[in-house]
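The values are calculated or read from the model by the stated rules, or taken from the named source; none is laboratory data. These numbers come from a predicted model, not from an experiment. Note that each Cβ is placed from the backbone with ideal geometry, even for glycine, and that neighbours are counted across all protein chains shown. When the accessible area is computed, the model is the full protein with side chains, heavy atoms only, and any ligands, DNA or RNA have been set aside. Shrake-Rupley method; radii C 1.70, N 1.55, O 1.52, S 1.80 Å.
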Amino acid sequence: MRRVSGIIGQLRFIKAIRRTPGGTETNLSLKYLCTQSTQNRDSLSRRIERLPRGESVGSAFRSWMRDGFPVHGGDVFHAINRLRKLKMNKRALEVMEWVIREKPYRPKELDYSYLVEFTTKLHGISQGEKLFSHIPREFQNELLYNNLVIACLDKGVIRLSLEYMKKIRELGFPISHLVFNRLIILHSSPSLKKMIPKLLSQMKADKVTPHVSTYNILMKIEANEHNLDNLVKVFGRMKEAQVEPNEISYCILATAHAVARLYTATEAYIEAVEKSITGNNWSTLDVLLMLYGYLGNQKELERVWAMIRELPFVRSKSYMLAIEAFGRIGLLNRAEELWLEMESTKGLKSIEQFNSMMSVYCKHGFIDKAARLYKNMKTNGCKPNGITYRQLALGCLKSGMTEQALKTLDLGLRLPISKRVRNSTPWVETTLSIVEIFAEKGDVGNVERLFEEFHKAKYCRYTFVYNTLIKAYVKAKMYEPNLLKRMILGGARPDAETYSLLKIAEQFRT
């Protein structure tokens, strides 16, 4: 029945599209759309976002117009971008269906492109293609074709996307850099990464200039694999191409160097972030919270948090990052203040919230506080996950409870943990803290057991990670002839500490 009603809805929209006047109008620029949406922008988008489940978007539009506001393209533009960010695709489609049906203004190619995008997302590619064929011919231009390709790529249908790209070339339309951005992302896994140079070559053949976002994607791929050399090379190519880096570019660079414990370079890139920041972008401010936590800069941390507090809406994620950042520099009381503030203003609804405070307690060995938080977590109906137990294992080790730490560690390993989590920075950094304690004890068995995780996450490309492994053998007074070879093959570069540890290890050769 739901399928039938969906098809009926689509047919109604095809009729509405056919009724659209065919006259060509001068298109509004994106800048104009943004300007239009700034005026009263919160009101319309928020009215749509706050609609109760099952209530029509028409009620939000009617209340908006009753208050004396006309519906401009800019209002719709802003509302759609908000709904897309919130992953409220169904609402976004309802908005576009209302616009096409009621015509508060003459629909343009941007409106049709949104309609195709969300129809494809919710009803599949075949429905998106059917809808596309009924859109007035004058609007079947580069924007609509590119959006159709992107919608196909979002579904992971690469072959069909390539066919549409061929059609775009035949029609003489330019291909958007956003299409290539999606293709690069789809080929970013280690097994498919070798295709990226071919995609960049095709991009050049199609005379598509790489956008700053294209370079940011390429840099993020290298950062995720902890490959600083390649990351810096991509940045160098970006500069050679005279593409101006933006705040996202510098955030990627700063974060990658902070994770690699190269704090002087991190400071330089943070300075670049501060200079390039545009307005109060909450995502950039969140990154700055984390970065100043790495640097241990309390003054700047407080300054950035004050900026976030002035935003119209402070997300739970910002609270969590601030808690972890203050905890990282040892300001336990400040972290607890923010925890209580988050509890009172946001409520404690997710395991991620509890894990943010858990990481602070466990990092500093406050296992009693961590145990109380663990009980509170379960009382609130939040189920501990792999990260929770990994943090608790660290807390136990910091408190000298080795046996309990091993039990907790094994308990966490029994839980399903996604590849994304295992490769995440919080996971590998917590694991390294555990490995460092085992290394100091000369517990080679547990160090080697956990070291395998670093290989899979490619975290072992950092010299300090391999030095921790060598230290375990030194503390255990064991000689392992292949340590240097393993280190080089793992992608790490030996430094003075490496050779010093290896020289000591030579004493244990039998």
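Could you tell me what percent of the accessible area of the chain is made up of carbon and sulfur, with a 1.4 Å probe and every protein chain present? Carbon with sulfur: 53 percent of the solvent-accessible area. Within the range 284-381, the trypsin sites (Lys or Arg not before Pro) that combine a DSSP coil assignment with at most 13 other C-beta atoms in a 10 angstrom radius are K349.
What is the sum of charges, Lys and Arg at +1 and Asp and Glu at -1, for the other residues whose Cβ falls under 11 Å from the Cβ of M320? Around M320, the charge tally is 0. Is the range 114-207 best put as rounded, prolate or oblate by its Cα gyration tensor, with a ≥ b ≥ c the root eigenvalues, rounded for a/c under 1.5, and otherwise prolate when a/b is larger than b/c, oblate when not? Note, shape of the range 114-207 comes out oblate. Lysine pair count for the range 44-148 with Cα-Cα distance under 16 Å and sequence separation of 8 or more or different chains is 4. Rolling a 1.4 Å probe over the heavy atoms of the protein chains gives the chain an accessible area of 51 Å² per residue. Helix 425-441 axis versus longest C-alpha principal axis of the chain: approximately 10°, rounded to the nearest ten.
Here the extension length gained between Q507 and Y263 equals 84.4 nm, from 0.36 nm per residue of separation less the Cα-Cα distance.
Taking 7 Å steps out from each Cα toward its Cβ at L332 and E302 produces label points 2.1 nm apart.
Which entries of K155/K194; K193/K383; K194/K239; K233/K485; K441/K503; K407/K485 show an alpha-carbon separation above 31 angstrom in the structure shown? Going by Cα-Cα distance, K193/K383; K407/K485 fall outside the 31 Å limit. Applying 0.36 nm per residue to the separation of D368 and N230 and subtracting their alpha-carbon distance, the gain on full extension is 45.3 nm. Summarise the long-distance tail of P(r) for the range 254-367 by giving the % of C-alpha pairs beyond 21 Å. Summing the P(r) of the range 254-367 above 21 Å gives 35 percent of all pairs. A crude spin-label estimate for the pair L86 and N141, with each label 7 Å from Cα along the Cβ direction, gives 3.1 nm. Shown is the FRET efficiency for L160 and E310, computed with R0 = 60 Å from the Cβ-Cβ distance and rounded to the nearest 0.05: 0.80.
Applying a DSSP loop filter and a limit of 16 other Cβ atoms within 10 Å to the chymotrypsin sites (Phe, Trp or Tyr not before Pro) in the range 313-344 leaves F313.
Against the chain, whose longest principal axis is taken from its Cα atoms, helix 57-66 shows a tilt of about 70°.
Scattering from the range 352-510 was approximated by placing one identical point on each alpha carbon and applying the Debye formula without solvent; log10 I(q)/I(0) at 0.17 1/Å stands at -0.97.
Taking 0.36 nm per residue of separation and subtracting the Cα-Cα distance, full extension of the segment from K378 to K193 would add 62.5 nm.
Within straight cross-link reach of K398, meaning Cα distance under 16 Å, which aspartates and glutamates are found once same-chain residues fewer than 8 apart are removed? Of all the aspartates and glutamates, those that pass the test against K398 - Cα under 16 Å, at least 8 places apart if same chain - are D368, E429, E436, E440, D443. Both the radius of gyration and Dmax for the chain are 26.7, 89 Å, in that order, over alpha-carbon atoms. Pairs of C-alpha atoms in the range 394-487 farther apart than 17 Å represent 49 percent of all such pairs. Taking R0 as 35 Å, what's the FRET efficiency between S424 and S59 from their Cβ-Cβ distance, rounded to 0.05? So, using R0 = 35 Å, E works out to roughly 0.25.
Against the main long axis of the alpha-carbon atoms of the chain, helix 444-457 sits at an angle near 20°. For the pair the range 418-453 and the range 184-254, the centres of their Cα atoms are 29 angstrom apart. Looking at the range 279-342, the GluC sites (Glu not before Pro) that sit in a DSSP loop and have at most 11 other Cβ atoms within 10 Å of their own Cβ are E310. For the range 370-413, the square roots of the Cα gyration tensor eigenvalues, ordered a ≥ b ≥ c, give a/c of at least 1.5 with a/b no greater than b/c, which places it in the oblate category.
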